[in-house]
Amino acid sequence: MSSGPGADSAPAPAPTTMFSSLKIRNYRLYAIGQVVSNTGTWMQRIAQDWLVLTLTGSASAVGITVALQFLPMLLFGLYGGVLADRLPKRALLLFTQSAMAGTGLALAVLTLTGQVQVWHVYLTAFLLGLVTVVDNPARQIFVNEMVGPDQLANAVSLNSANFQSARLVGPAVAGVLITAVGTGYAFLFNGLSFLATVTSLLLMRTSELHPSHRAPRAKGQLREGLRYVSAHPELIWPIVLVGFIGTFGFNFPIWLTAFVHDVYQSGAETYGLLNTLMAVGSLVGALLAARRGTSKLSILVGAAVLFGALEVVAAFAPSFWLFAALLVPIGMFGLTVNVTANSSIQMATDPAVRGRVMSLFMMVFVGGTPLGAPLVGWITDVYGPRIGFAAGGAVSLLAALTIGVILARSAGVRLKLDLRPGRPHLALVPKQRGPVTREGSPARAG
């Protein structure tokens, strides 16, 4: 049946498969550059944590380093989103990626010359955090510019898969490298690895990008972004949830260094192994998210509940290998929370304010770390790694359950338990309103 002239003029969106975004040349270039850069980033993370622990012998010092790296996001994150909305994203990323390379190279020189002190690590972590304030929202928006809205959820998931693939290699290589020649060469590799991302940005075809709306300079843009989020429950509650989990549930540099050093009396190779196992789970979570191609709030809440519960269980694992094995599903559900929240928020946000909304998302997700990391580090030092890990998991679990109830009430649904064979045992169903008749349907008011 004909629908009239021009009915078929709009091209159908490309089907979403697990790797469909990689068919787009610009995104493919970007992904290749990110593999190299992300590997260097993970190497530096492991080297930085281990260097601080070696210099101080304190899990609290590791927590302070992590806090300083994410403190700028807490203080200035929303302003970074304003800049990302105003400026061209590709040019902005060329600047931020070059600046991040400089911080890695500076730390490499200090370490290789034997001059490094713990305050040097604190300072470079803080400077890296300042650059990240602008880099994070710019990267989030630039994904949409490379692939367009139809492939956004898939590209966000593949970005996470890319990051976690590098996490499989980076910690393992860093562990070997630290043992063989010291932490300085891990910092050097990270500084040089940013050349891959810069090169990929320079090689892109700008004519094939989907430029996003650039907000003109004006007063009140920060308040405008906050008002927009507060008026949309589908944005504010996922942001609150990832804020709790990012602040209390993602302090793995503190917990894993403490478990390796204090519980298992091992070295950098073991620390690298535990990070690699988490990365295996995270990679699986990212690929499953890419295959789904959709981002539902029910998946977000369910993954958050399982993430918090598994952290509590792992904290009291009686053996090393059980603890190590539990890190795989923890990584999978933690990554599912991050990817699902990221893509659902982007797709529900007006492009004109997307930079400010995503900067708020990143601010509460990673910017809460300066608040949580010192507290978690103190609990870990005073009460031990097991109590510290369990406390972070318990807070994440409680937050997920509470926000799950809030979202269910606002959507007018409830959780239904059905133990009959062949039926979904757990499902969200609409709430019944009013008295129910004998036939099982709500009675009509007279």
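Bear in mind these aren't lab numbers, they're just calculated from the coordinates by the rules spelled out. Just so we're clear, the structure is a prediction, and the values are computed from it rather than from any experiment. We place every Cβ from the backbone using ideal geometry, glycine too, and count neighbours over all the protein chains shown.
Tell me, rounded to the nearest percent, the portion of alpha carbon pairs in segment 227-298 spaced more than 14 Å apart. Value for segment 227-298 (Cα pairs over 14 Å): 74 percent.
Rounded to the nearest 0.05, the FRET efficiency derived from the C-beta distance between VAL312 and THR54 at R0 = 30 Å is 0.50.
Projecting the Cα positions of PHE333, SER344, TYR264 onto the charge dipole of segment 256-357 (unit charges on Cβ atoms of Lys, Arg, Asp and Glu, taken about the Cα centre) puts SER344 furthest along the positive direction.
For segment 243-336, the normalised intensity computed at q = 0.20, 0.21, 0.22, 0.25 Å⁻¹ comes to -0.97, -1.05, -1.13, -1.37 (log10 of I(q)/I(0), Debye sum over alpha carbons, equal scatterers, no solvent). Each label was represented as a point 7 Å from its Cα along the Cα-to-Cβ direction; for LEU195 and TRP321 these points are 4.3 nm apart. For VAL263 and ALA348, the FRET efficiency from 1/(1 + (r/R0)^6), where r spans their Cβ atoms and R0 equals 51 Å, is about 0.75. Max-minus-min Cα coordinates of segment 84-170 on each principal axis give 51, 34, 16 Å, with the largest extent listed first. Subtracting the Cα-Cα distance of ARG291 and LEU112 from their residue separation scaled by 0.36 nm leaves 60.1 nm.
Over 23 Å, how big is the tail of the calculated P(r) for segment 27-166, in percent of all Cα pairs? For segment 27-166, the share of Cα pairs beyond 23 Å comes to 40 percent. Rounded if a/c is under 1.5, else prolate if a/b is larger than b/c, else oblate: which is segment 263-310, with a ≥ b ≥ c the root eigenvalues of its Cα gyration tensor? In terms of gyration-tensor shape, oblate. For segment 49-102 versus segment 225-251, the inter-centroid distance based on Cα atoms is 20 Å.
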